[in-house]
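The values are calculated or read from the model by the stated rules, or taken from the named source; none is laboratory data. Predicted model, so just to flag it, every value in this text is computed and none were measured. Don't worry about glycine lacking a Cβ; one is built from the backbone with ideal geometry, like all the others, and counts go over all protein chains shown.
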């Protein structure tokens, strides 16, 4: 096998692979439709030597109404990494589980369910708390989650805690002798 681009062209006869981007000589990204993703992952693992699932993560494109899952696969023989992107509808975010192919995928999928609300039917312990025990709010990594509003509602004010304008605070800390009345170009 010569390059990842050649590999993807070969697989392209059976899959709708798009947006191929060879970011570096040893790192290539591409996109594939949701309905073809798991089958292609299996072929990349079994037939092309991409045996290591380095990680599985997600990007929230709220403005486009999609999540993009990112599967990172590594081939130890060629020392090459592939990043496979799969778009999901944000309103019905569900993807076939790959925990039977890579055991660690179950952990990644639990995290994505908790942080983004993405469902992976059949994945073990998917609905068990992962790190947000007793969480009852919108998943916190979704872009519509308002961190400031959550913090104000959840955490009370305590004596000795004050709020400062960050710009004014930094001016005072970094430039305590500087005044706004100084002539331009002067000290």
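Brief remarks on what is shown
- Scan of the stretch 42-71 for residues that are touching a helix residue (DSSP H, G or I) at 6+ places or on another chain (Cβ under 6 Å), over 23 Å from residue 9 (Cβ atoms) and not in a strand (DSSP E or B), ordered by number: 65
- Taking the criterion of being surrounded by fewer than 19 Cβ atoms within 10 Å (Cβ to Cβ) and touching a helix residue (DSSP H, G or I) at 6+ places or on another chain (Cβ under 8 Å), the only residue of the stretch 74-87 that qualifies is 87.
- Residue selected from the stretch 141-165 under the condition under 21 Å from the mean Cα position of the chain (by Cα) and free of Cβ contacts under 8 Å to residues at least 40 places away in the same chain, by the criterion surrounded by the fewest Cβ atoms within 10 Å (Cβ to Cβ): 147
- In the stretch 10-29, residue farthest from residue 120 (Cα to Cα) [restricted to those that are buried (at least 16 other Cβ atoms within 10 Å of the Cβ) and touching a helix residue (DSSP H, G or I) at 6+ places or on another chain (Cβ under 6 Å)]: 28
- Residue in the stretch 108-122 that is over 14 Å from the mean Cα position of the chain (by Cα) and exposed (fewer than 14 other Cβ atoms within 10 Å of the Cβ) present: yes
- Scanning the stretch 72-84 for residues that are more than 18 Å from residue 14 (Cβ to Cβ) and touching a strand residue (DSSP E or B) at 6+ places or on another chain (Cβ under 6 Å) yields a count of 4.
- Among the residues of the stretch 72-109, the ones that are in a loop (DSSP other than H, G, I, E, B) and in contact (Cβ under 8 Å) with a residue 24 or more places away in the chain come to 13 in all.
- Annotation note: of 95, 72, 101, the sole residue that is at pLDDT 95 or above, closer than 25 Å to residue 129 by Cα and over 15 Å from the mean Cα position of the chain (by Cα) is 101.
- Members of the stretch 15-25 that are modelled with pLDDT of 95 or more and assigned to a loop (DSSP other than H, G, I, E, B): 15, 16, 17
- Residue in the stretch 128-151 that is under 17 Å from residue 57 (Cα atoms), assigned to a loop (DSSP other than H, G, I, E, B), touching a helix residue (DSSP H, G or I) at 6+ places or on another chain (Cβ under 9 Å) and at pLDDT below 95 present: yes
- Remark: residue 125 falls outside the filter, which requires a residue to be modelled with pLDDT of 95 or more, within 30 Å of residue 60 (Cα to Cα) and surrounded by 10 or more Cβ atoms within 10 Å (Cβ to Cβ).
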